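Values quoted throughout were computed directly from the atomic coordinates according to the rules given, and no laboratory measurement underlies them. As the structure is a prediction and not an experimental result, all values here were calculated from the model. Reconstructed Cβ throughout: ideal geometry from the backbone, glycine too, with neighbour counts over all protein chains shown.
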């Protein structure tokens, strides 16, 4: 058991006092701010779910700020609360296939990735034709100027010829929400012995600005009634 003196000491030690020295106020103990609680945001994986939630007015939060953070993330948040903190109400995160740019894939893996991670196009078909018909393991380096290459590939039923690899290529990978037209961009296509193939991004990331603008345009159209009513603001 604690004696009387110990209990009095504990009671006194729990007090916080304020003193002023040289015009500056100090506390005898560190103070911790008790902030207003905020809910965890809902998470959806497409823009359709985000739009339906906002149109439903489920949580009756208004006005809301819709921010297109990136090609794969959109956040709807409230205005400041008493602690000048925003509450993230709902967040959309795109689920996308993975393609490692700059990494070399063997021919079979590259063909699979090209078909599953990129929108169908004439240039995608041209790459598939070259990589899928490579005849030998050693990729020819003769005449390689750092841009164009040639490989030994089947060009007919029984014909084998040196085929120039298309380069650069314009492709549209799945890099943003499915509701948005996937932005095209330039890629440098390279091959090495194995045979192995790789794609290198060559547009300086300009596709991101295109994707963000497209998402903002889509949301502005789908949520036009709420925007006109002053319930939602979309920024990108």
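Brief remarks follow.
- Region 170-231 shape via C-alpha gyration tensor axes, a/c threshold 1.5: prolate
- Subtracting the Cα-Cα distance of residue 73 and residue 200 from 0.36 nm times their residue separation leaves 43.4 nm of extension gain.
- Label separation (residue 21 vs residue 36): 3.6 nm, computed from points 7 Å beyond Cα along the C-beta direction.
- Note on residue 101 and residue 213: the extension gain reaches 38.0 nm, defined as 0.36 nm multiplied by sequence separation minus the Cα-Cα distance.
- Maximal additional length on extending the residue 181-residue 233 stretch stands at 16.5 nm, based on 0.36 nm per residue less the C-alpha distance.
- Cβ-derived FRET efficiency at R0 45 Å, residue 28 paired with residue 48, nearest 0.05: 0.20
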